[in-house]
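**Q** Before anything else, here's the structure in question.
Values in this text are rule-based calculations from the coordinates and carry no lab data. All figures in this text were calculated on a predicted structure; none of them were measured in a lab. Glycine gets a Cβ as well: all are built from the backbone with ideal geometry, and neighbour counts include every protein chain shown.
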Amino acid sequence: MKIHEYQAKAILAQYKVPVPRGEVVASAAEAKAAAENIGGSVVVKAQIHAGGRGKGGGVKVAKDAAEAEVIAGKILGMTLITHQTGPEGRVVRKVLVEETLPIERELYLGIVLDRAQAKPVFMASSEGGMDIEEVAAKTPERILKEAIEPGLGLTAFQARKLAFGIGIPPASVNAAVAAMMALARAYEAVDASLAEINPFILTKDAKVYALDAKIGLDDNALYRHKELIELRDLNEEDPLEVEASKFGLNYIKLDGNVGCMVNGAGLAMGTMDIIQYAGGKPANFLDVGGGASAEQVKNAFRILLSDKNVKAVLINVFGGILRCDTLASGVVAAARDLNIGIPIVVRMEGTNVEQGRKILTESGFNFTVAADMRDAAEKVVALAV
């Protein structure tokens, strides 16, 4: 689950990571009041779930409260387009009004899970304020890494090694070490999948701050953090993905024209791969799960067909807990109720497969039943024109 910058900073502040003074507001008048409370010049930052906001015009410096009001009025309500939003952009509903700081240097700090090591890895770089992916691709030697031992956390020795490694001057090392260790504690405490500070700044008076922050939360651990569920902003998520989550369906929208409905994430990945191999492009990832009911299958179909880009559908199911006859019944019910007018290719194997195929062939609908995955992929790609 993604959260906004201001929410990430509030979490980091709880664990003693230094963050600038700021207030999140939803109107120009509130922005003026916030700037007056902070005093002096401020920066007005659009709050959307995407990076590159500054380049898109979503981050502006105001010299005083009056200018902050004008800038906030222009940013709020705008459709902000960045390299991460796609051409459709995101509507800005809130802005963060924050104090400006005397920046001396911009650095990078981040923590992600390294699946190869089965440990979180703390990364630090002297190349802050840039796309870390670009730094990793062009100058990987500038990203220093320290594996975090589960149960032990980031040690002071590791943090000092990273701090000196990225060129933090002696006067700021202790503060940087404390901030790094606090970031690691926050990452572990909220079950984050990502915790990133970019840029992590040194000021002219030798202080350190998280000038920007990004935290991704592991959905599978949210049952342990009821308070964090409230941070979810449905306005920032794809409407179809939000709708799917209401029915316990795993749906991710993609940019192709072949709709995919499968049971199991591994089969979903294999299905998308074989569609690509057959020359097509998947329009979505839709996993109905191992124990889906006929009603869930029907809702999955409704959501899948709500994507106007879908020109044909491939249903690829291995019947286990979700029996093939249950799937077939749900598919027929969906076709009857939703007036499906696009081609549907079905490949099924497993429990009650013959009953499932019989339900499809006797339904009166023009379903194409495939012999195997390759046959299914080739048929659906040919029909998606």
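**Q** By how many degrees, between 0 and 90 and to the nearest 10, does the Cα long axis of helix 156-165 differ from the longest principal axis of the chain?
**A** Rounded to the nearest ten degrees, it is 80.
**Q** Give the distance, in whole Å, between the Cα centre of the stretch 1-45 and the Cα centre of the stretch 321-385.
**A** Result: 52 Å between the Cα centres.
**Q** Then there is this: Across 10 Å bins from the origin, how do the percents of Cα pairs in the stretch 21-100 run, short distances first?
**A** All Cα pairs considered, the percentages come to 24, 53, 21, 3.
**Q** What distance in nm lies between label points placed 7 Å from Cα along the C-beta direction at ALA382 and ALA26?
**A** Result: 5.4 nm between the two label points.
**Q** Quick one: if you stick a label point 7 Å off each Cα along the C-beta vector at LEU234 and GLU88, how many nm between them?
**A** About 1.7 nm separates the two model spin labels.
**Q** How much length, in nm to one decimal, is gained on full extension between LYS358 and ASP114, taken as 0.36 nm per residue of separation minus their Cα-Cα distance?
**A** Full-extension gain reported as 83.2 nm.
**Q** Now for a separate question. Strictly over 27 Å apart at the Cα level, which of LYS74/LYS204; LYS16/LYS119; LYS55/LYS214; LYS2/LYS63; LYS55/LYS246; LYS145/LYS246 would you flag in this model?
**A** Pairs exceeding the cut-off: LYS74/LYS204; LYS2/LYS63; LYS55/LYS246; LYS145/LYS246.
**Q** Could you size up the charge dipole of the chain around its Cα centre, putting +1 on the beta carbon of Lys and Arg and -1 on that of Asp and Glu, and report it in debye to the nearest 20?
**A** 140
**Q** Which of the GluC sites (Glu not before Pro) found in the stretch 1-100 are in a DSSP loop and have at most 10 neighbouring Cβ atoms, other than their own, within 10 Å?
**A** Values: sites: GLU5, GLU23, GLU30, GLU36, GLU67, GLU69, GLU88, GLU98, GLU99; in loops: GLU88.
Taking the stretch 1-100 and a limit of 10 other Cβ atoms within 10 Å, the loop GluC sites (Glu not before Pro) found are GLU88.
**Q** For Rg and Dmax of the Cα atoms in Å, pick the label among [x] 21.0, 67; [y] 25.0, 79; [z] 26.6, 82 that corresponds to the value derived from the coordinates.
**A** Looking at Rg and Dmax of the Cα atoms in Å for this model, the match is [y].
**Q** Inverting the mean 1/r over all pairs of different Cα atoms, compute the Kirkwood radius of the stretch 241-342 and quote it in Å. Present the calculation step by step, with values, prior to reporting the outcome.
**A** On the way: mean 1/r = 0.0754 Å⁻¹.
Its Kirkwood hydrodynamic radius stands at 13.3 Å.
**Q** Rounded to the nearest 0.05, what FRET efficiency do PHE164 and SER306 have when you use their Cβ-Cβ distance and R0 = 45 Å? Please list the in-between numbers first.
**A** Details: r = 54 Å, r/R0 = 1.20.
With R0 = 45 Å, the Cβ-Cβ based efficiency is 0.25.
**Q** Are there any trypsin sites (Lys or Arg not before Pro) in the stretch 143-228 that are in a DSSP loop and have at most 12 other Cβ atoms within 10 Å? List them by number. Don't skip to the end; give the middle numbers.
**A** Numbers: sites: LYS145, ARG160, LYS161, ARG185, LYS204, LYS207, LYS214, ARG224, LYS226; in loops: LYS204, LYS207.
Sites meeting the loop and neighbour criteria: LYS204.
**Q** Continuing with the same structure: Report the GluC sites (Glu not before Pro) located in the stretch 171-263 that are in a DSSP loop and have at most 11 other Cβ atoms inside 10 Å of their Cβ, or state none.
**A** On the way: sites: GLU188, GLU196, GLU227, GLU230, GLU236, GLU237, GLU241, GLU243; in loops: GLU230, GLU237.
Of the GluC sites (Glu not before Pro), the ones in loops of the stretch 171-263 whose Cβ has at most 11 other Cβ atoms within 10 Å are GLU230.
**Q** Name the residue farthest towards the positive end of the dipole of the stretch 105-253 from the options LEU202, ALA137, LEU109, assuming +1 on Cβ of Lys and Arg, -1 on Cβ of Asp and Glu, about the Cα centre.
**A** LEU202
**Q** Please compute the modelled spin-label separation between ALA147 and THR100, points set 7 Å along Cα→Cβ, answer in nm with one decimal.
**A** 4.5
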